[in-house]
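The values are calculated or read from the model by the stated rules, or taken from the named source; none is laboratory data. This structure is a prediction, so every number in the text was calculated from the model and none was measured. Neighbour counts run over all protein chains shown; Cβ positions are idealised from the backbone, glycine included.
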Amino acid sequence: MTDGVPVDVLTRVLADPPVTEAVAGIEFRGRGFDVIRLVHEAARWGEDFPIGSVQPALPVTRPVGQPGAEFEMEFFTVPPPRLWNASQDQQWLVQLQDDRLLLNWRKVDAACTYPKYETIRTEFERVLSMLDIPIGQELVPLVAEFSYVNHITHDEASGLHEIYSVFQRPTQPLPGAVVSERYELVTRERTELGFAQLTVTIQPAAGDNATTLTVSTKSFAGSQLESSQIMELIDSAHEVSKRAFFAIVSDRATSNWGVQDGS
């Protein structure tokens, strides 16, 4: 139990959750790998994730309000690219780069059901165990992530967040045509390992009468951690995201998805 957080929130599960994608990941101190070494490393899980592609590297993760890495990039070598390796059914995706490992679960068709955090955690830990660690070095975790992307129909979205009570429908037309509409909230709180930055976004789903709710937490290590604490850092990020999901979605919505407490 976390202080101030009801037990039923942290143990609550949904029989039919609206999750369409979930991401667990860790960012660590760079190992100095070039693309050739990354390709050899990714081959370790190639049997389970045989569909490969190359993507641009993700930038260094920084807390909101802190300057980004763009200025640094002018003086340092561009990092090697990010490798994507997907499962044959495209549900699972491993993202690898010199300083990062991410695992995505994706809902590829209506028959797919979110496999719960425990399954994602176990699979991530398995892939993590295959990472290539240079002799004499150790993975130093810096930032962990756990994110949910949810597809919510309008009938289920009533009461998404109390912030909407501040607004009203315009009594006269707004100037110009609406080209984008989005709600975003960023919070920060201290954790036992450092601090967590939560980002919640709500925006219309493209081409559908629905809403996309994204709940994403980055857990930043407050001091140097050991590699044995990587999963603990990810657990911390998942806990914040789960608390946020059940705080921002109404009881009416969760009842439609088959909420179960104490499981």
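Table: residues versus (1) within 19 Å of ILE26 (Cβ to Cβ); (2) surrounded by 18 or more Cβ atoms within 10 Å (Cβ to Cβ); (3) touching a residue at least 60 places away in the same chain (Cβ under 8 Å); (4) in contact with a Pro (Cβ under 8 Å, 6 or more places away or on another chain).
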{"residue": "GLN91", "(1), (2), (3), (4)": "no, no, no, no"}
{"residue": "LEU96", "(1), (2), (3), (4)": "yes, yes, no, no"}
{"residue": "ASN104", "(1), (2), (3), (4)": "yes, yes, yes, no"}
{"residue": "VAL108", "(1), (2), (3), (4)": "no, no, no, no"}
{"residue": "ILE120", "(1), (2), (3), (4)": "yes, yes, yes, no"}
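Taken residue by residue, segment 19-40 has at least one member that is over 22 Å from the mean Cα position of the chain (by Cα), closer than 28 Å to GLN229 by Cβ, not basic (Lys, Arg) and not in a loop (DSSP other than H, G, I, E, B).
Select from segment 128-146 the residues that are closer than 28 Å to PRO63 by Cα and not hydrophobic (A, V, I, L, M, F, W, C) and write down the one among them that is surrounded by the most Cβ atoms within 10 Å (Cβ to Cβ). Working first, answer last.
Step one: of segment 128-146, the residues closer than 28 Å to PRO63 by Cα are 128-129, 131-133, 137-146.
With not hydrophobic (A, V, I, L, M, F, W, C) added as a condition, the list becomes 129, 132, 137-138, 141, 145.
Details: SER129: 8, ASP132: 13, GLN137: 11, GLU138: 12, PRO141: 25, GLU145: 22.
The residue in question is PRO141.
VAL64: under 22 Å from the mean Cα position of the chain (by Cα), surrounded by 12 or more Cβ atoms within 10 Å (Cβ to Cβ) and either at pLDDT 95 or above or part of a loop (DSSP other than H, G, I, E, B) (or both), yes or no? The answer is no for VAL64.
Does segment 93-118 hold any residues that are closer than 24 Å to ARG12 by Cα and under 18 Å from the mean Cα position of the chain (by Cα), and which are they? If you could, list the steps in order and put the result at the bottom.
As a first pass, look at segment 93-118 and keep what is closer than 24 Å to ARG12 by Cα: 103-107, 110-118.
Matches in segment 93-118: LEU103, ASN104, TRP105, ARG106, LYS107, THR113, TYR114, PRO115, LYS116, TYR117, GLU118.
Looking only at segment 51-61, filter to residues that are touching a Gly at 6+ places or on another chain (Cβ under 9 Å) and under 21 Å from PHE28 (Cβ atoms); which one of those is surrounded by the most Cβ atoms within 10 Å (Cβ to Cβ)?
Applying the first criterion (touching a Gly at 6+ places or on another chain (Cβ under 9 Å)) to segment 51-61 yields 52, 59-60.
Those still in the list that are under 21 Å from PHE28 (Cβ atoms) too: 59-60.
Values: PRO59: 12, VAL60: 17.
Per the criteria, the residue is VAL60.
Scanning segment 229-263 for residues that are modelled with pLDDT under 95 and either hydroxyl-bearing (Ser, Thr, Tyr) or closer than 15 Å to GLU27 by Cα (or both) returns SER250, THR254, SER255, SER263.
Looking at VAL215, VAL186, VAL200, which is the one that is in contact with a Phe, Trp or Tyr (Cβ under 6 Å, 6 or more places away or on another chain) and in a strand (DSSP E or B)? Break it down into steps so the answer makes sense when it comes.
Details: VAL186 fails: in contact with a Phe, Trp or Tyr (Cβ under 6 Å, 6 or more places away or on another chain); VAL200 fails: in contact with a Phe, Trp or Tyr (Cβ under 6 Å, 6 or more places away or on another chain).
Being in contact with a Phe, Trp or Tyr (Cβ under 6 Å, 6 or more places away or on another chain) and in a strand (DSSP E or B) holds for just one of VAL215, VAL186, VAL200, which is VAL215.
Please indicate, with yes or no, whether at least one residue in segment 220-234 is under 16 Å from the mean Cα position of the chain (by Cα), closer than 19 Å to VAL19 by Cα, surrounded by 18 or more Cβ atoms within 10 Å (Cβ to Cβ) and touching a residue at least 12 places away in the same chain (Cβ under 8 Å).
Filtering segment 220-234 for residues under 16 Å from the mean Cα position of the chain (by Cα) gives 220, 230-234.
Next, from what is left, pick out any that are closer than 19 Å to VAL19 by Cα: 234.
When the remaining residues are screened for being surrounded by 18 or more Cβ atoms within 10 Å (Cβ to Cβ), the result is 234.
Applying the additional criterion that residues be touching a residue at least 12 places away in the same chain (Cβ under 8 Å) yields 234.
Yes, there is a match, as at least one residue in segment 220-234 is under 16 Å from the mean Cα position of the chain (by Cα), closer than 19 Å to VAL19 by Cα, surrounded by 18 or more Cβ atoms within 10 Å (Cβ to Cβ) and touching a residue at least 12 places away in the same chain (Cβ under 8 Å).
Residue count for segment 227-263 under the criterion of being acidic (Asp, Glu), closer than 22 Å to GLN197 by Cβ and not in a helix (DSSP H, G or I): the result is 0. How many residues, within segment 122-140, are in contact (Cβ under 8 Å) with a residue 60 or more places away in the chain and among the polar types (S, T, N, Q)? Of the residues in segment 122-140, 1 are in contact (Cβ under 8 Å) with a residue 60 or more places away in the chain and among the polar types (S, T, N, Q). Can you name every residue in segment 33-55 that is touching an Asp or Glu at 6+ places or on another chain (Cβ under 7 Å) and either free of Cβ contacts under 8 Å to residues at least 12 places away in the same chain or among the small types (Gly, Ala, Ser) (or both)? Residues satisfying the conditions do not exist here. Determine which member of the set SER129, SER87, SER158 is in contact with a Ser or Thr (Cβ under 9 Å, 6 or more places away or on another chain) and either under 30 Å from ARG188 (Cα atoms) or modelled with pLDDT of 95 or more (or both). Exactly one of SER129, SER87, SER158 is in contact with a Ser or Thr (Cβ under 9 Å, 6 or more places away or on another chain) and either under 30 Å from ARG188 (Cα atoms) or modelled with pLDDT of 95 or more (or both), namely SER158.
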